[in-house]
Amino acid sequence: MRHRQTTTAMALALMVSGLPAWADMEAAKAFLDAEIGDMSSLDRAGQEAEMQWFVDAAAPYAGMEIKVVSETITTHEYESKVLAPAFTAITGIKITHDLIGEGDVVEKLQTQMQTGENVYDAYINDSDLIGTHWRYQQARSLTDWMAGEGAAVTNPGLDLNDFIGIKFTTAPDGQLYQLPDQQFANLYWFRYDWFTDPKTMEDFKAKYGYDLGVPVNWSAYEDIAEFFTGRDMSYMGGPASGVFGSMDYGKKDPSLGWRYTDAWMSMAGMGDKGEPNGLPVDEWGIRVDENSRPVGSCVARGGATNDAAAVYAVTKAIEWLQKYTPPEAQGMTFGEAGPVPAQGNIAQQMFWYTAFTADMVKPGLPVMNEDGTPKWRMAPSPHGAYWSEGTKIGYQDVGSWTILKSTPVDRAQAAWLYAQFVSSKTVDVKKSHVGLTFVRESTIQHDSFTKRAPELGGLVEFYRSPARVAWSPTGTNIPDYPKLAQLWWQNIGDAMSGAKTPQEALDALCAEQEKVLERLERAGVQGDIGPKLNEEKDPQEWLDAPGSPVAKLENEDPAPETVSYDELIKSWQ
């Protein structure tokens with residue numbers, strides 16, 4: 001089943017120069033006919049009723065020109081190229097939806113927060129900034145907004161309970177600060193056809209003494225990476241040479257930091273148990289007190305950014321990057337590395353974002369069967385030697401609508417209408433077929449995804465399973481995401497390049513994180529929920545106490561463990 005963006009009919013029906021004179025239900029019906037059809041969780045009458053509400057609610061704002069921004073992924077391209085012109089035609093509000101790099105989105109947001117200048121009327125930015133928005137109080141609380149100034153422009157059919165990521169965008173004060181627009185997870189990716197081939201399985205068992213399957217722990221991942229690297233897979237129609245047992249990236253670039261804060265550290269076993277994030281120590285290694293105030297990052301203050309689990313995480317990542325990935329991977333960014341497994345020479349990837357699914361299922365790729373089903377599957381990522389049940393095991397990116405207080409009320413109201421339009425039940429099923437980034441339960445359960453599930457390698461099964469709640473974005477321990485995130489890639493980059501050992505790089509990282517926390521504490525800008533650093537003490541006192549941080553294990557290579565993918569899927573169902 002293919003879900004292409006309809007461009008010709010949409011162009012004729014909707015793309016009008018300037019402001020449309022016919023911003024009404026005729027435009028809405030043309031849009032529903034040309035673009036949505038039955039790809040919606042609402043029937044046609046429900047779709048038309050929702051569109052009529054948008055027409056009526058938008059009337060006072062007709063003629064306004066509104067600017068919003070997001071990162072460049074397939075879902076947002078669809079919004080920018082198809083849904084924004086449709087919204088303009090239906091409502092008369094002219095939307096410019098800019099697409100820029102994720103780092104640039106954060107930079108624009110930061111500029112608006114620092115200057116008060118209205119750079120954009122709304123942002124789709126990661127819910128990773130929830131701790132920042134809650135503490136700085138520069139983003140509108142959507143809870144207050146929907147009951148107050150935004151009440152007349154809040155869709156009665158919005159149905160917040162239908163959004164699967166609402167808990168990630170709600171702060172400890174119980175207020176909703178962001179509305180999820182797209183969501184994707186990092187999961188383990190592997191060549192199911194290779195892993196289930198009798199000869200390959202036999203060869204693996206002969207060498208390692210256990211069954212080839214989805215690795216449950218890092219010891220098994222490492223064995224599998226070693227087994228496939230350099231293996232001749234031509235007997236299965238694969239490459240005779242140039243096969244690699246792992247894929248990753250290592251360029252000193254902002255995306256290198258995400259690689260670690262987006263749960264690589266917690267997958268290794270750094271941080272405390274807890275849902276949706278470790279408490280009191282999270283996957284960045286930052287500890288908070290009972291009032292959610294950040295109190296330290298280094299072990300000497302009770303943090304874990306430089307503890308044994310963190311050092312192990314970085315050490316393994318570098319070792320595997322050097323031994324088991326294509327040589328060019330060391331100079332790649334997140335975006336450059338993402339499509340590489342689709343080229344057909346990668347056996348597995350521990351940390352693969354499901355945002356790349358849409359690019360991985362194109363007909364004709366070496367990783368696709370002729371019948372439209374994939375040769376690959378996705379599964380939970382394996383965990384490291386320091387991990388224990390209840391510790392965070394994976395990351396979900398939740399790109400979410402955020403409206404800053406510096407945006408004038410009328411502009412915020414018009415932008416809020418657009419945010420709800422692109423997240424509405426009318427359009428969400430179709431949008432999700434294009435970008436495969438689910439935010440609504442009603443979409444995940446839609447019959448069209450039951451039909452399409454065999455083509456998506458386990459994505460639908462994952463999002464329909466109870467397992468999905470264990471994957472979460474950065475939590476509320478992080479008081480200033482933009483400032484702290486940039487420290488990660490710069491310091492980890494030093495370890496990647498060999499300029500510093502992993503321990504030296506992490507010692508520097510935690511010290512720099514604490515400098516930021518200290519500056520925030522001195523400035524007092526975040527009030528009584530801002531940082532309040534612990535006094536330093538002998539690190540051993542913290543290591544001897546229960547929970548995170550942890551001391552070095554005698555054995556960082558426990559017995560390898562694998563599981564059959566087909567058994568795993570049954571447990572999801």
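The values are calculated or read from the model by the stated rules, or taken from the named source; none is laboratory data. Keep in mind it's a predicted model, so treat the numbers as computed, not measured. Here the Cβ positions follow ideal geometry from the backbone for every residue, glycine too, while neighbour counts run over all protein chains shown.
What to note about this one:
- Candidates in the range 104-125 are the residues that are on the phi < 0 side of the Ramachandran plot and assigned to a loop (DSSP other than H, G, I, E, B); of these, the one that is farthest from the chain's Cα centre (by Cα) is GLU117.
- Unmet requirement for LYS94, which otherwise passes all of (1) crowded, with 18+ Cβ neighbours inside 10 Å; (2) within 30 Å of MET25 (Cα to Cα); (3) out of contact with any Asp or Glu (no Cβ under 6 Å at 6 or more places or on another chain); (4) of a type outside the set (A, V, I, L, M): (3)
- The set of residues in the range 205-225 that are in a helix (DSSP H, G or I), touching a helix residue (DSSP H, G or I) at 6+ places or on another chain (Cβ under 7 Å) and surrounded by fewer than 21 Cβ atoms within 10 Å (Cβ to Cβ) comprises LYS207, TYR208, ASP223.
- Condition check for TRP401: part of a strand (DSSP E or B) and either over 22 Å from TYR249 (Cα atoms) or in contact with a Leu (Cβ under 8 Å, 6 or more places away or on another chain) (or both): yes
- Output for the range 80-104, where each listed residue is modelled with pLDDT under 95 and in contact with a strand residue (DSSP E or B) (Cβ under 7 Å, 6 or more places away or on another chain): GLY101, GLU102
- Number of positions in the range 226-262 that are within 30 Å of GLY103 (Cβ to Cβ), of a type in the set (A, V, I, L, M) and in a loop (DSSP other than H, G, I, E, B): 1
- First in the range 132-151 and crowded, with 21+ Cβ neighbours inside 10 Å, second anywhere and of a type in the set (Val, Ile, Thr), Cβ under 6 Å, 6 or more apart: ARG135/ILE529; ALA139/THR402; ARG140/ILE403
- Residues in the range 530-570 that are closer than 30 Å to ARG464 by Cβ and of a type in the set (S, T, N, Q): THR562, SER564.
- Within the range 283-324, the residues that satisfy the criterion of being buried (at least 23 other Cβ atoms within 10 Å of the Cβ) and aromatic (Phe, Trp, Tyr) are TRP284, TYR312, TYR324.
- Any hit, the range 106-121, residues being modelled with pLDDT of 95 or more and closer than 15 Å to TYR418 by Cα: yes
- Within the option set PRO327, PRO366, being touching a Pro at 6+ places or on another chain (Cβ under 9 Å) and surrounded by fewer than 20 Cβ atoms within 10 Å (Cβ to Cβ) holds for one residue only, PRO366.
- Residue in the range 174-187 that is crowded, with 24+ Cβ neighbours inside 10 Å, in contact with a Leu (Cβ under 7 Å, 6 or more places away or on another chain), part of a strand (DSSP E or B) and not charged (D, E, K, R) present: yes
- You will find that of GLU521, GLU567, GLU541, the residue that is among the acidic types (Asp, Glu) and at pLDDT below 95 is GLU567 and no other.
- Matching residues in the range 445-496 - criterion: being of a type in the set (Val, Ile, Thr), assigned to a helix (DSSP H, G or I) and either surrounded by 18 or more Cβ atoms within 10 Å (Cβ to Cβ) or touching a strand residue (DSSP E or B) at 6+ places or on another chain (Cβ under 6 Å) (or both): VAL460, ILE492
- Scanning the range 497-506 for residues that are in contact with an Asp or Glu (Cβ under 7 Å, 6 or more places away or on another chain) and part of a helix (DSSP H, G or I) gives a single hit, ALA505.
- Test: residue in the range 436-454 that is among the small types (Gly, Ala, Ser), farther than 30 Å from ARG293 by Cβ and over 23 Å from the mean Cα position of the chain (by Cα): yes
- Restricting the range 254-271 to residues that are aliphatic (A, V, I, L, M) and under 25 Å from ASN555 (Cα atoms), the residue that is surrounded by the most Cβ atoms within 10 Å (Cβ to Cβ): MET270
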